[in-house]
Amino acid sequence: MTSNPFFPYFSSNMKKTDKTKTVVGLTLGVFLAALESTVVATAMPEVIDDLGGNHLYSLPFSVYLLTSTVSNPIWGKLSDVFNRKNIYIIGIILFLTGSFLSGLSQSMHMLIAMRVIQGLGAGCMTPLTFIINAELFSVEKRAKVQGYMSAVWGLAGLFGPLLGGLIVDWLDWRYVFYLNLPFGLLAWYMVHRYFHEDIESHPQIQIDYIGSLVFITGVSVLVYGLELQIWSLAGLGILLTFVSYLIQKRQSSPILPIKSMQQKIPSTVLILNFLAGMAFFGILAFLPLYVQSVANRGATAAGLVLTPMVVGWTLTNIIGGRIIHRTSLIGLIHIGFSILIIGFGGFLYYYNADIIYLSICGFMVGCGMGFAMLGTILSMQEYSAREELGSSTSGVLFARTIGGSIGVSILSAIIGKRLLGSNLELQDGFQDAYTTCLVIVSLALLLSLRLKRIET
């Protein structure tokens, strides 16, 4: 198996044991960031009873999502300019500080403010984990490591709500945040102690502050507009984001991976992540509604439909890491999107069938995402410019998240107008939604076929 000659993203200077301990620390960080996005949901009713502010119920979620999403590319770029280890440590300190102060909150306004800090930290920890992995390992080993990390992420998503419920029932809602502290400190120690970075590998370059400010403003307005379905705001956000792209094209050190975006594989990979996020997270948001409103089943049944999607993603991330020596990264992407077409085709075919069929289709969709997303992030890292490793890696995650936000809004427009109608009308709405997702992933597969098959 040959490696991409453009840049071999791995360092052989660290001892194997130090690499292993670093990965353990990074995995703990990923687990905490993933857990925080689900565990808080279970505690919110108790938080409202204690702090009040019913009208602010959704803000602790939305500000966490907004700050983690918007800051994601910023942290990636900062890691290209400065020491990655120090940037990661700043991120985990922000996350732990936000967690501690969230637990001390005496009002909803204070909790919301502390969740902003926590979101900034999470926006750093997640991309920096994948970026540091690229510094540590060759692509084959990295695929296996990221597969296991995805398994941890999946477990956090599965058991986060249950853990949150147990903490609230047996302790207090504040311990939902305090729980992060011992594990986060351990993660900080292991990365600080065992990760040794070649600082000279990072060139001394300046950040494009004007383009960054316009980008942050544009993305913030876009996410906020999509969240509230204020289409004029969403349109303004898209316009500002495009303006920031035009500004950064003329800069020597843009926040976006401009140089990589001008190459075939990285630019295509960004689009593929955007499309995959649209389809996957769009349907993920509305499947519980179908199970409870159309199939007349309870919340537990809704969870049983969603769980196979997470399990499928987790399993194929691990499997993909182990078969990477038999296939190419581009081939892995092709496999993933082909399975996604089968899964969404199954959703469309069995749209009015028993939920067991939806669970099977959801499992297929999750499997497709596992293969495709592993292939895309590794391809982005392998075929991007060396000096844009951080911004290109974070760009993949950012594209997927923004795609998900837009996908949820599109499906909300398709399904939402039928919510007040009969079950049959709502069922037709879901049929249209499945058709939309199938078209999106089919387009993604066709786009991926443009890529030349490159052995990794």
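The values are calculated or read from the model by the stated rules, or taken from the named source; none is laboratory data. As the structure is a computational prediction, the values presented were derived from the model and not from experiment. Don't worry about glycine lacking a Cβ; one is built from the backbone with ideal geometry, like all the others, and counts go over all protein chains shown.
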- Item | Complete set of residues in segment 437-453 that are free of Cβ contacts under 8 Å to residues at least 40 places away in the same chain and either under 30 Å from residue 70 (Cβ atoms) or not assigned by TED's automatic domain parsing to the domain that holds residue 383 (or both) | 439
- Note on the structure: Of those in segment 135-181 that are touching a Ser or Thr at 6+ places or on another chain (Cβ under 9 Å) and among the charged types (D, E, K, R), the residue nearest to residue 44 (Cα to Cα) is 174
- Message: Go through segment 358-387 and report how many residues are assigned to a helix (DSSP H, G or I), closer than 30 Å to residue 255 by Cβ and not polar (S, T, N, Q).
- Response: 13
- Query: Which of (1) within 28 Å of residue 72 (Cβ to Cβ); (2) in contact with a Phe, Trp or Tyr (Cβ under 7 Å, 6 or more places away or on another chain); (3) at pLDDT 85 or above does residue 408 not meet, given it meets every other one?
  - Reply: (3)
- Every listed condition ((1) in a helix (DSSP H, G or I); (2) over 17 Å from residue 40 (Cβ atoms)) holds for residue 106 save (1)
- Candidate set from segment 214-229 (those that are in contact with a helix residue (DSSP H, G or I) (Cβ under 8 Å, 6 or more places away or on another chain) and free of Cβ contacts under 8 Å to residues at least 40 places away in the same chain); member that is surrounded by the fewest Cβ atoms within 10 Å (Cβ to Cβ): 217
- Query: Among the helices (runs of 4 or more DSSP H) contained in segment 170-289, which hold 2 or more residues that are over 22 Å from the mean Cα position of the chain (by Cα) and over 30 Å from residue 414 (Cβ atoms)?
  - Reply: 175-178, 180-194, 209-228, 231-249
- Query: When you look at residue 219, is it assigned by TED's automatic domain parsing to the domain that holds residue 337 and either at pLDDT 85 or above or of a type outside the set (Ser, Thr, Tyr) (or both), yes or no?
  - Reply: no
- Picking from 101, 78, 94, the residue that is in contact (Cβ under 8 Å) with a residue 40 or more places away in the chain and either surrounded by fewer than 22 Cβ atoms within 10 Å (Cβ to Cβ) or in a helix (DSSP H, G or I) (or both) would be 78
